[in-house]
1. Of the numbered conditions (1) modelled with pLDDT of 90 or more; (2) part of a helix (DSSP H, G or I); (3) surrounded by 14 or more Cβ atoms within 10 Å (Cβ to Cβ), D45 fails exactly one; give the number of that condition.
2. Of all residues being modelled with pLDDT of 50 or more, out of contact with any Phe, Trp or Tyr (no Cβ under 9 Å at 6 or more places or on another chain) and of a type in the set (A, V, I, L, M) in the range 113-165, which is surrounded by the fewest Cβ atoms within 10 Å (Cβ to Cβ)? Just the residue, please.
3. Just one of A194, A205, A178 is within 15 Å of the ligand (Cβ to nearest atom), surrounded by 20 or more Cβ atoms within 10 Å (Cβ to Cβ) and either of a type in the set (D, E, K, R) or under 18 Å from K139 (Cβ atoms) (or both); which is it?
4. Are any residues in the range 81-105 of a type outside the set (D, E) and within 9 Å of the ligand (Cβ to nearest atom), and if so, which ones?
5. Being part of a loop (DSSP other than H, G, I, E, B), under 28 Å from P294 (Cβ atoms) and either modelled with pLDDT under 95 or out of contact with any strand residue (DSSP E or B) (no Cβ under 6 Å at 6 or more places or on another chain) (or both) is the requirement here; does P62 meet it?
6. Would you mention how many residues in the range 196-228 are over 19 Å from Y175 (Cβ atoms), part of a helix (DSSP H, G or I) and either touching a Gly at 6+ places or on another chain (Cβ under 9 Å) or in contact (Cβ under 8 Å) with a residue 60 or more places away in the chain (or both)?
7. Only one of these conditions is not met by H30: (1) at negative phi; (2) at pLDDT below 95; (3) surrounded by 15 or more Cβ atoms within 10 Å (Cβ to Cβ). Which number is it?
8. Consider D79 carefully, then state whether it is at pLDDT 95 or above, under 19 Å from S27 (Cβ atoms) and buried (at least 18 other Cβ atoms within 10 Å of the Cβ).
Amino acid sequence: THFGFETVTEAEKRERVAGVFTNVAESYDHMNDMMSFGWHRVWKDHFVSSLNPGFSPLTSGPDPRAPQHILDIAGGTGDIAFRMLHTAHAVNGNPDVRVTISDINPAMLSVGKQRSRTLPASQQAALSFVEANAEDLTKTKPLGMSLSPTTPTSSPVTNSTTATSGIPDNSVDLYTVAFGIRNFSNIPAALREAYRVLKPGGVFACLEFSKADKYPILNALYKEWSFRAIPLIGQLVAGDRDSYQYLVESIERFPSQEEFRDMIVDAGFVVSGANGGYEDLTGGVAAIHKGMKP
Ligand code: SAM
């Protein structure tokens, strides 16, 4: 089965992606380990330590331990956000770093919220969860609230006035998105929103599956694994072949390292580094892209 995304509208894609992540939310963490042989943990650790939250002043200023606001977009079940908090609070001793986990899917966020209960209390206090579409961060709602309440029984306290605050311009020090952006219907719109919410000097950082075609043998093995094994594992372990088939196809459709770097530049970011704005991980199976808002 095949979703045929080429012919669907943005709204239809969004709906299908929502279905996929609602279906996989409960099995997501185990499946990640199984599908990547645990590599996703190594990549995530490297991503977070390369950003070193709570230590390096992400915005200019005299105090390297200044308060920072990290926005983890498509944060799902919390893997990046929890690592960010641990590095900032426990490794770098900066308790003034707070993290907002934002995701379009309340089922993924609920699993994240549940998982966060094992974090130290100070880290839990620095964490918040919001539902939002990465392509329009002017509308956000705290997890569990309804953007457009349909039930007339909802009390005045839980309806829209507090629910739709949005993320202000120039308010974020570090924007992270891990294994999320390839699911977005409109990636340029999401990059424009990243640019809008970041402070000048703030950093956009993305970890995503990418192209391993510089290494033909690795690439062939990787393709074999993704197209044959992953949908099968999805079927056997999570009882859901289609969702995992979608995930594999979405990796295939995502632009190359250079094309994606150019999209980041088009959104106004400054990229730097020996490789011209990105770092390959495991031969390009995944890659990290970073850009700074000037
Ligand atoms: N960042 C987490 C991680 O690395 O484990 C979760 C990654 S998960 C593969 C992708 C996430 O993207 C899902 O939680 C999904 O709901 C979210 N997502 C998909 N489309 C989105 C959109 N338009 N806006 C925000 N989040 C979106």
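The values are calculated or read from the model by the stated rules, or taken from the named source; none is laboratory data. Treat the numbers as computed from the prediction; the structure is a model and nothing was measured. So basically every Cβ, Gly included, is an ideal-geometry build from the backbone, and we count neighbours across all protein chains shown.
1. In the conditions (1) modelled with pLDDT of 90 or more; (2) part of a helix (DSSP H, G or I); (3) surrounded by 14 or more Cβ atoms within 10 Å (Cβ to Cβ), D45 misses (3) alone.
2. Only one residue tops the list, namely A121.
3. Values: A205 fails: either of a type in the set (D, E, K, R) or under 18 Å from K139 (Cβ atoms) (or both); A178 fails: either of a type in the set (D, E, K, R) or under 18 Å from K139 (Cβ atoms) (or both).
A194 is the lone residue from the list that is within 15 Å of the ligand (Cβ to nearest atom), surrounded by 20 or more Cβ atoms within 10 Å (Cβ to Cβ) and either of a type in the set (D, E, K, R) or under 18 Å from K139 (Cβ atoms) (or both).
4. A81, I101, S102, I104, N105
5. Considered against the rule, which asks whether it is part of a loop (DSSP other than H, G, I, E, B), under 28 Å from P294 (Cβ atoms) and either modelled with pLDDT under 95 or out of contact with any strand residue (DSSP E or B) (no Cβ under 6 Å at 6 or more places or on another chain) (or both), P62 comes out as yes.
6. Counting residues in the range 196-228 that are over 19 Å from Y175 (Cβ atoms), part of a helix (DSSP H, G or I) and either touching a Gly at 6+ places or on another chain (Cβ under 9 Å) or in contact (Cβ under 8 Å) with a residue 60 or more places away in the chain (or both) gives 3.
7. (3)
8. yes
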